[in-house]
Amino acid sequence: MTLVSKDILKAAEILSREELVAIPTETVYGLAGNIYSDTAIKKIFDLKKRPFFNPLIVHIHSVDQIMELATHFPEKAQLLAKAFWPGSLTLILKKQPTVPDLITAGNDTVGIRIPQHELTLELLRNLPFPLAAPSANPFTYISPTTAQHVKSYFDGELEMILDGGDCENGIESTIVGFENGEPVVYRLGSISLEDITAIAGPVILKNNKEQAPNAPGMLEKHYAPRTKTFLVENIAAFIALHPDKKIGLLLHSMDHAHFKVSEIIYLSKIGDLKEAASELYNAMHQLDQLDLDVIVAHRLPDKGLGKSINDRLERATK
């Protein structure tokens, strides 16, 4: 039986034994281990059934730790860190030789972020090492935004879940790297492209790479329910083509016609994109429990966080 607790000192003790703890962040729950322990990091890959070519993100509690992990902290990276840390931004920087290749999938760069969750920040302050922490779910499945989501995946296989309540932002961090000094977004996330551009200037979007990805979240299939999922523009047309299917609808607002289906979940009754992002994975978990034939999501406006949510839904349908 996996312990679900708010006990930071217990979590620190487990992590110091090269074991894993699921930790809360403002984005999703992470499956955390000591970055300098090959034993712990291999346990992360094994438990998630995650391929070793997919790099992990390192979590720290202070900007002062950057140069322990990175050889260079570019000016635009500093501007982004100042604007968004602690928060849902991961920076891809040239790594120090001391950062294990197992973390970076052999890349010469490392992903780093400071999470905006006081429980996890306090845990990190109580540890003499940073934490690698990919999302606490089996590879390609829906990311967890509650301790119960993690428990449903790994009960009995994981020693402890540090319970920090529901994740506020609900989708993963935005990942930004640098090529020839210019910012590149490798993963859309909880900080919009527009917000990144406002700080760093124009960015290049490179968020799909099946072979040797630069960052997590670039693979075509990801974040997927077990139930077959579709992302559509015209819900009525889809329903008309599948009259005998048990359908669960995922709608971003109540501004829709009435649909006669098995279940409807509204990500935000008023169409608020931040609220929709916060509720996305929890809604996908709920629908996935209902023995439906299909889940049908309506494409959101492709702007701001709507672009990030659409990205997650597109990967869930592969």
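The values are calculated or read from the model by the stated rules, or taken from the named source; none is laboratory data. What you see is a predicted model; the values in this text were computed from it and never measured. So basically every Cβ, Gly included, is an ideal-geometry build from the backbone, and we count neighbours across all protein chains shown. Each accessible area value is taken on the protein alone, full model and side chains, heavy atoms only, with ligands, DNA and RNA left out. Shrake-Rupley method; radii C 1.70, N 1.55, O 1.52, S 1.80 Å.
Magnitude of the charge dipole for the chain, about its Cα centre and with charges confined to Cβ atoms of Lys, Arg (+1) and Asp, Glu (-1), is about 560 debye. Within the same chain, lysines fewer than 8 places from residue 245 are excluded, and of the rest, those with a Cα less than 16 Å from its Cα are 228, 260.
In the context of the full set of protein chains, the chain has a per residue accessible area of 42 Å² (1.4 Å probe).
Would you calculate, for the chain, the mean residue ellipticity at 222 nm contributed by helices, counting each DSSP H stretch of 4 or more residues as -39,500 (n - 2.57) and dividing by all residues, to the nearest 500?
It lands at -8500 deg cm²/dmol.
Accessible surface ranking for 67, 1, 1.4 angstrom probe, highest first: 1, 67. In a DSSP loop and with at most 13 other Cβ atoms within 10 Å, the chymotrypsin sites (Phe, Trp or Tyr not before Pro) in region 47-123 are 52, 53. Annotation note: GluC sites (Glu not before Pro) in region 77-166 located in DSSP loop regions with a Cβ neighbour count of at most 14 within 10 Å are 157. Which value, in Å² rounded to 10, gives the accessible area of residue 249 with a 1.4 Å probe and all protein chains present? So the heavy atoms of residue 249 present about 0 Å² to solvent. When the solvent-accessible area of the chain is split by element, carbon and sulfur atoms take up 51 percent of it, the probe being 1.4 Å. In the chain, the DSSP beta bridges split such that about 40 percent are antiparallel, to the nearest 5. When the residues 61, 222, 72 are ordered by accessible surface, computed with a 1.4 Å probe over the protein chains alone, the sequence from largest down reads 72, 61, 222.
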